[in-house]
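The values are calculated or read from the model by the stated rules, or taken from the named source; none is laboratory data. Predicted model only: the values in this text are computed from it and were never measured. Because the Cβ atoms are built from the backbone with ideal geometry, glycine has one as well, and the counts that use them run over all protein chains shown. With ligands, DNA and RNA removed, areas are computed over all heavy atoms of the protein, side chains included. Shrake-Rupley method; radii C 1.70, N 1.55, O 1.52, S 1.80 Å.
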Amino acid sequence: YLRHRSNLRLILLLLDCRRLPSQEDCALVEWASFHQKPLLILFTKTDKLKESELRQKTTGAKNILQKHTQTSSIHFLHYSIKDSRARME
């Protein structure tokens, strides 16, 4: 489905910021990189962690995912449904 969608503009991968990426998450990142599909990681539930914990978890997850991509950087955003700055009003 994803490979043959001509109108696909971006793949959003939602990851709980409190957890490390799973093998399936890594496989999707690797697949998207191989097929040159644009990918954005959304780290969810950011309100559950203190700022220092969030930075640490984000860095760890990015380091894991970076091993599965051919690009130089992982693009990501932090998101929390409880933080009104993270969603449109």
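If I stretch the segment between Ala27 and Arg9 completely, what's the gain in nm (0.36 nm per residue apart, minus their alpha carbon distance), one decimal?
Between Ala27 and Arg9, full extension yields 4.5 nm more.
Residue by residue through the range 71-81, which ³J(HN,Hα) values in whole Hz follow from phi under the Karplus form 6.51 cos²θ - 1.76 cosθ + 1.60 (θ = phi - 60°), with glycine and proline marked x?
8, 7, 8, 9, 8, 8, 9, 8, 9, 9, 5
Picking from His78, His68, His35, which is most flexible by a Gaussian network model of the chain using Cα springs under 10 Å?
His35
What do you get for Rg/Rh over the chain if you use C-alpha atoms and the Kirkwood form of Rh?
On the way: Rg = 13.6 Å, Rh = 13.8 Å.
Value, to two decimals: 0.99.
Between Asp16 and residues 5 or more places away or on another chain, which pairs have amide H atoms under 5 Å apart, with H built 1.01 Å from N, and which residues are they?
Residues meeting the amide H criterion: Thr44.
Roughly how big is the chain's charge dipole about its Cα centre, with Cβ charges of +1 (Lys, Arg) and -1 (Asp, Glu), in debye to the nearest 20? Please report the intermediate quantities before stating the final value.
Working: 16 positive and 9 negative charges, 12 e Å.
That gives the chain a dipole magnitude of about 60 debye.
Relative contact order for the chain: what is it in percent, counting Cα pairs under 8 Å that are at least 6 residues apart?
Here the relative contact order equals 33 percent.
5 Å is the cut-off here: which amide hydrogens, built 1.01 Å from N in the peptide plane, fall below it relative to Ile11, excluding neighbours closer than 5 in sequence?
For Ile11, the qualifying residues are Leu39, Leu40.
Hey, what number do you get for the chain at 222 nm if only DSSP H runs of n ≥ 4 count, each worth -39500 (n - 2.57), divided across all residues, to the nearest 500?
Value at 222 nm, helices only: -10000 deg cm²/dmol.
Can you send over the carbon and sulfur percentage of the accessible area for the chain, probe radius 1.4 Å, protein chains only?
Solvent-exposed carbon and sulfur of the chain make up 52 percent of the total.
Extending each Cα 7 Å along its Cβ direction at Leu40 and Lys82, get the distance between those two points in nm, one decimal.
Modelled inter-label distance: 2.4 nm.
Tell me, what ³J(HN,Hα) does each residue in the range 40-48 have, in order and in whole Hz, if you take phi through Karplus 6.51 cos²θ - 1.76 cosθ + 1.60 with θ = phi - 60° and put x for Gly and Pro?
10, 8, 10, 7, 9, 6, 5, 6, 7
Multiply the residue gap between His75 and Leu2 by 0.36 nm, knock off their C-alpha separation, and tell me the result in nm, one decimal place.
24.4 nm
Provide the net charge surrounding Glu53, with neighbours chosen by a C-beta distance below 12 Å and charges set as Lys +1, Arg +1, Asp -1, Glu -1.
Value of the local net charge: +4.
Please compute the per residue accessible area over the range 1-47 with all protein chains in place, 1.4 Å probe, rounded to a whole number of Å².
It amounts to 68 Å² per residue over the range 1-47.
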